[in-house]
C-alpha cells in the first residue's frame, strides 16, 4: 500500500516536471500576460514583466532536473532576418518566491558557422546549462536565462555578427531583435545590469563587439577563444563599416566617452593559440570604463567543453558579481513548476 502510494507520487512528480513529455512537442516557459497587463504589473522597480506576443516553442531537450531547452523561429522586426533561437531557463524562474523578479540574461553565441543551429542550445551535451545549475546551487553563479540564437544567415558565409553593407543585418538581429524577443517572453531587468553576452571563437567576437558597441544595453561579456577584429571577406574592404564593428575601435571610443563601464572576461586554453591577442587587447584598452580579466584554462582546447570548464573555474562567478541577481519574495520556497 505504501509502496503503491510512493510510486503514484513519483509518477505524478515526473509528469509535473515533464519527464514523460516528448521531445518535439509544443511547450512554453510560462504564461505571457500581454502588453497592457504587463505594463500595470511591474511590481518592483527595474523589473520588466513579459509583454508578449508569446512565442511558439518546440521542446528540444530535457535536463535531469526537469528544466527544458526549447526552440522558436524568430522573425526579426528590425533586421528583417528570420532564424532560430533556443532558450533555457533555470528552475528558480518557476519558484513562487521569484514570480515578481527579473532574471539576468546571458545571450550565448556559438563559433563556426552558427547556422542553422547554435551548439549551445541544440542539447545539454556541452554542459553550459548544467554549469549554471551547479553554480546557482553553490551560490557562485546567478541563475541565468540562456538565450542561444544563430549567428550567421547561411552556412557559406561568416557575417561577424554585424550589419555588413548589402548583407543580412545580423548585428541588428543580435542586438535588437533577440533582446526584444526575450523581453516579450520573460521577466527581465529594465537596465543593462541584467544583460550580458558569452560566446566562443567567432561567437566570442560577436559577443565582445556587441557589448562594446552597445554599452547602454549590455554590461558584460565572456569571450572565449576570441577573434579581436572583423575578418569576414564580406566586408570587401569597407574600412568605415569594419571600424564601426571593430572591438579595438569601439573600446577606444568608449574610453574617450568615459563610459558606461563594461566588463570583459577573456577565456583562453593553454592548448590553443590566441592568448597573445587577448593579452594585447587587455594591455591596450584596460583603462577607464573598460575592465578586463583573463581566465586561463589549463590544457583547454578551442572547443565548447573547454570553455564551459573555464566558466566553472571562475568566469561564471566573475560575471555573476557584475550583474543583478533575481530577488525572491519573503517566505518559504514552494519549488519549481
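The values are calculated or read from the model by the stated rules, or taken from the named source; none is laboratory data. Keep in mind that what you see is a predicted model, and the values were worked out from it rather than measured. Heads up, the Cβs are rebuilt from the backbone with ideal geometry, glycines too, and the neighbour counts pull from every protein chain shown.
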Go through segment 3-62 and report how many residues are part of a loop (DSSP other than H, G, I, E, B), modelled with pLDDT under 90 and either in contact with a strand residue (DSSP E or B) (Cβ under 6 Å, 6 or more places away or on another chain) or more than 16 Å from residue 184 (Cα to Cα) (or both).
9
Quick one: which residue in 307, 263, 285 is touching a helix residue (DSSP H, G or I) at 6+ places or on another chain (Cβ under 9 Å), buried (at least 18 other Cβ atoms within 10 Å of the Cβ) and more than 23 Å from residue 108 (Cβ to Cβ)?
285
Among the residues of segment 185-201, how many are more than 30 Å from residue 273 (Cβ to Cβ) and assigned to a strand (DSSP E or B)?
3
Determine which member of the set 229, 211 is closer than 30 Å to residue 167 by Cα, in a helix (DSSP H, G or I) and in contact (Cβ under 8 Å) with a residue 12 or more places away in the chain.
211
For segment 121-173, the count of residues that are in contact with a helix residue (DSSP H, G or I) (Cβ under 7 Å, 6 or more places away or on another chain) and over 23 Å from residue 211 (Cβ atoms) equals 3
Quick check on segment 213-234: of everything there that is over 20 Å from the mean Cα position of the chain (by Cα) and closer than 22 Å to residue 280 by Cβ, which residue is surrounded by the fewest Cβ atoms within 10 Å (Cβ to Cβ)?
231
Regarding residue 201, is this residue out of contact with any helix residue (DSSP H, G or I) (no Cβ under 8 Å at 6 or more places or on another chain) and modelled with pLDDT of 95 or more?
yes
Picking from 251, 241, which residue would you name as being over 30 Å from residue 326 (Cβ atoms), modelled with pLDDT of 95 or more, in contact with a strand residue (DSSP E or B) (Cβ under 6 Å, 6 or more places away or on another chain) and not in a loop (DSSP other than H, G, I, E, B)?
251
As an exercise: evaluate residue 274 against (1) on the phi > 0 side of the Ramachandran plot; (2) without any contact (Cβ under 8 Å) to a residue 12 or more places away in the chain and give the number of the one condition it does not meet.
(2)
